[in-house]
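Inspection log for the structure reproduced underneath, given as structure tokens.
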Amino acid sequence: MRAVETRGLAHRFGDGEAARTVLHGLDLAVDAGEVVLLTGPSGSGKTTLLTLIGGLRAVQEGSCRVLGTELAGADEARRVALRRRIGFIFQHHNLLGFLTAEQNVAMALEITPVMPEPERLARARAMLAAVGIGEKAGAYPATLSGGQRQRVAIARALVHAPGLILADEPTAALDGRTGHETMTLLQRLAKEQGRTVFIVTHDPRIHDIADRIVAMEDGRIIDGTRA
């Protein structure tokens, strides 16, 4: 089963003579349960591809099927519904400073309105324990280290049992050891839970967590070999 499949996916920014093509007819397949790293120089189109897969940007040309949903021609409502089935991890954590770690994680469960708040918080605490910082459930982001904040972000991405996890440069703000530890943790938890992981990264130090590494250059996929 494919978690992600694109065919002839193209994207451009701007209109008319000022238009700049950033993706050139990409064909890509990511199997369910696979951990895939997307690498390449800055400006190669990696983040644009990630935002299209995540339903954060409308598909202009070609096919992009994610978790069984075709995004070509999809309206905002369909993209929102898909985003609720995806866990996102970003470079700068995007935690809310006025909420505790458990409250930040529990926010991801608010898409399930029938779930009472005590249950959301209990699930958040359990997920924080799973990423190794259960004792920090009541801590605010400003009191946590960079690695701990990224673990909170991983917990938030996993707590609602997404079919797909998308991560954009998740180790960029971390030192080498901490970055590798957090990504190894993400890989382990994803494998245990049967999640698919797609990571955009410049960091060669985390290549060993991947099932496959896909390389991009100038808006094209140039390689997709087993790690």
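The values are calculated or read from the model by the stated rules, or taken from the named source; none is laboratory data. Since the structure is predicted, the reported quantities are computational estimates derived from the model, not experimental observations. Every residue, glycine among them, receives a Cβ derived from its backbone with ideal geometry; neighbour counts consider all protein chains shown.
Miscellaneous remarks
- When residues of the stretch 101-133 are limited to those that are farther than 30 Å from residue 202 by Cα and among the polar types (S, T, N, Q), the one surrounded by the most Cβ atoms within 10 Å (Cβ to Cβ): 103
- Where strands (runs of 3 or more DSSP E) fall wholly inside the stretch 142-227, the ranges with 3 or more residues that are more than 15 Å from the chain's Cα centre (by Cα) are 212-217, 220-226.
- Any hit, the stretch 174-184, residues being of a type in the set (Val, Ile, Thr), touching a residue at least 24 places away in the same chain (Cβ under 8 Å), buried (at least 18 other Cβ atoms within 10 Å of the Cβ) and out of contact with any Cys (no Cβ under 7 Å at 6 or more places or on another chain): yes
- Residue 20 surrounded by fewer than 16 Cβ atoms within 10 Å (Cβ to Cβ), among the basic types (Lys, Arg) and farther than 30 Å from residue 122 by Cα: yes
- One residue stands out in the stretch 45-87 among those that are within 18 Å of the chain's Cα centre (by Cα) and among the hydroxyl-bearing types (Ser, Thr, Tyr): the one that is nearest to residue 14 (Cα to Cα), namely 48.
- Restricting the stretch 61-89 to residues that are touching a residue at least 24 places away in the same chain (Cβ under 8 Å) and touching a Lys or Arg at 6+ places or on another chain (Cβ under 7 Å) leaves a set whose member that is nearest to residue 110 (Cα to Cα) is 67.
- Elements of type helices (runs of 4 or more DSSP H) contained in the stretch 26-141, each with 2 or more residues being touching a helix residue (DSSP H, G or I) at 6+ places or on another chain (Cβ under 6 Å) and over 15 Å from residue 166 (Cβ atoms): 101-106, 117-130
- Qualifying residue in the stretch 151-161 (condition: β-branched (Val, Ile, Thr), within 23 Å of residue 81 (Cα to Cα) and surrounded by 21 or more Cβ atoms within 10 Å (Cβ to Cβ)): yes
- Checking each residue in the stretch 185-197 for being of a type in the set (Gly, Ala, Ser) and surrounded by fewer than 17 Cβ atoms within 10 Å (Cβ to Cβ) picks out only 194.
- Pairing each residue of the stretch 1-15 that is farther than 14 Å from residue 57 by Cα and in contact (Cβ under 8 Å) with a residue 24 or more places away in the chain with any residue that is assigned to a strand (DSSP E or B) and of a type in the set (Ser, Thr, Tyr), provided the two are 6+ apart or on different chains, yields C-beta distances under 7 Å for 3/196; 6/63; 7/63; 8/63.
- Here the stretch 3-17 is the region considered, the condition is being at pLDDT 95 or above and surrounded by fewer than 16 Cβ atoms within 10 Å (Cβ to Cβ), and the residue that is farthest from residue 66 (Cα to Cα) is 8.
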